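The values are calculated or read from the model by the stated rules, or taken from the named source; none is laboratory data. These figures come from a predicted structure and were not determined experimentally. A quick note on method: Cβ atoms are made from the backbone with ideal geometry, for glycine too, and the neighbour counts reach across all protein chains shown.
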Amino acid sequence: MFAKLNYLMKTPEFKAELIAHLMQMQEQAISHARKAMDEAQQEANNYGTPKDRYDGFRNQQLRKKDMFAKQVSQAMVNLDLLKKPELQKQQSEAGFGALIQTDSDLFFIAIGMGIIRFKNESVIVVSILVPIFQAMKEKKIGDSFSFNKRNFKILQII
C-alpha cells in the first residue's frame with residue numbers, strides 16, 4: 001500500500017516546497033473544475049428547455065455543473081488550509097502541519113490527498129480526520145505507532 005522511502009533526512013525547505021507544490025495542485029484543481037463547470041452550464045444553456053418530461057439532458061448538465069461547483073469549493077477549502085501559517089512552522093509532534101518521516105513512509109498532515117509523487121518520493125498527504133492520523137497523533141521523534149497491522153517508528157518531524 002505505502003511506497004518505499006528515500007531515507008535522507010528532510011529539511012524545512014523540502015516541507016516549504018511540498019506545501020507550494022500542494023497549493024499549485026489545488027489551484028489547478030480549481031481551474032479545471034471551474035472550466036468543466038462553465039462547460040456544463042453552457043451545454044445546458046445551449047440545449048434550452050427540456051423537450052418533454054422524459055428529456056433529462058439539461059438537468060444532467062446542471063447536475064454536472066453542481067458537482068464541479070462542489071469540487072471547486074472543496075479545493076478552495078484545501079487551498080485555504082495550505083495557506084495557514086502553522087503549516088510552515090517547525091513541529092515537535094505529529095499534528096496538523098507536521099512532515100513525518102517514519103522508518104518506511106513519509107507523511108504530511110494537512111489535507112486529504114493520498115499518495116502523491118514529489119521530488120521522486122512518495123508522500124502520503126493526509127488530513128487530521130483519517131484513522132492513520134489518529135494512530136500517530138501527538139507522537140514524537142522516536143515514538144512508534146501501529147496502523148493496519150503495520151508498525152511505524154518516527155525518525156523525523158518537521
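In the stretch 25-36 there is at least one residue matching the filter, namely being under 24 Å from residue 121 (Cα atoms) and without any contact (Cβ under 8 Å) to a residue 24 or more places away in the chain.
Hey, which of the strands (runs of 3 or more DSSP E) in the stretch 81-149, taking only ones fully inside, have at least 2 residues that are of a type in the set (S, T, N, Q), over 18 Å from residue 26 (Cβ atoms) and touching a strand residue (DSSP E or B) at 6+ places or on another chain (Cβ under 9 Å)?
On the way: elements: 99-102, 106-109, 114-118, 121-126, 144-147.
Answer list for the stretch 81-149: 99-102, 144-147.
Return yes or no: is residue 157 out of contact with any helix residue (DSSP H, G or I) (no Cβ under 9 Å at 6 or more places or on another chain), aliphatic (A, V, I, L, M) and surrounded by 15 or more Cβ atoms within 10 Å (Cβ to Cβ)? Full working, then the answer.
Values: out of contact with any helix residue (DSSP H, G or I) (no Cβ under 9 Å at 6 or more places or on another chain): yes; aliphatic (A, V, I, L, M): yes; surrounded by 15 or more Cβ atoms within 10 Å (Cβ to Cβ): yes.
Criteria met by residue 157.
Please indicate, with yes or no, whether at least one residue in the stretch 51-65 is buried (at least 20 other Cβ atoms within 10 Å of the Cβ) and touching a residue at least 24 places away in the same chain (Cβ under 8 Å). Scanning the stretch 51-65 turns up no residue that is buried (at least 20 other Cβ atoms within 10 Å of the Cβ) and touching a residue at least 24 places away in the same chain (Cβ under 8 Å).
Scanning the stretch 116-140 for residues that are surrounded by 14 or more Cβ atoms within 10 Å (Cβ to Cβ) and within 17 Å of residue 15 (Cα to Cα) returns 116, 118, 121, 122, 123, 124, 125, 126, 127.
Of note, residue 150 does not satisfy the criterion of being at pLDDT 95 or above, under 17 Å from the mean Cα position of the chain (by Cα) and farther than 22 Å from residue 89 by Cβ. Within the stretch 147-158, residues that are touching a residue at least 24 places away in the same chain (Cβ under 8 Å) and within 14 Å of residue 124 (Cβ to Cβ) have Cβ atoms under 6 Å from residues that are surrounded by 13 or more Cβ atoms within 10 Å (Cβ to Cβ) and aromatic (Phe, Trp, Tyr) in these pairs: 152/145, counting only partners at least 6 apart in sequence or on another chain. Applying the condition of being basic (Lys, Arg) and farther than 30 Å from residue 117 by Cα to the stretch 21-75 and asking which residue is modelled with the highest pLDDT yields 63.
Does residue 72 satisfy being surrounded by 15 or more Cβ atoms within 10 Å (Cβ to Cβ) and not in a strand (DSSP E or B)? So that I can check it myself, show each step before the final result.
Numbers: surrounded by 15 or more Cβ atoms within 10 Å (Cβ to Cβ): yes; not in a strand (DSSP E or B): yes.
Taking the combined requirement at face value, the residue satisfies it.
Of all residues in the stretch 96-117, those satisfying the criterion of being within 13 Å of the chain's Cα centre (by Cα) and in contact (Cβ under 8 Å) with a residue 60 or more places away in the chain are 108, 110, 111, 113, 115, 116.
Taking the conditions (1) buried (at least 17 other Cβ atoms within 10 Å of the Cβ); (2) farther than 27 Å from residue 76 by Cα in turn, residue 95 satisfies each one other than (2).
For the structure I just gave you, tell me whether residue 106 is surrounded by fewer than 20 Cβ atoms within 10 Å (Cβ to Cβ) and among the aliphatic types (A, V, I, L, M).
On the way: surrounded by fewer than 20 Cβ atoms within 10 Å (Cβ to Cβ): no; among the aliphatic types (A, V, I, L, M): yes.
The answer is no for residue 106.
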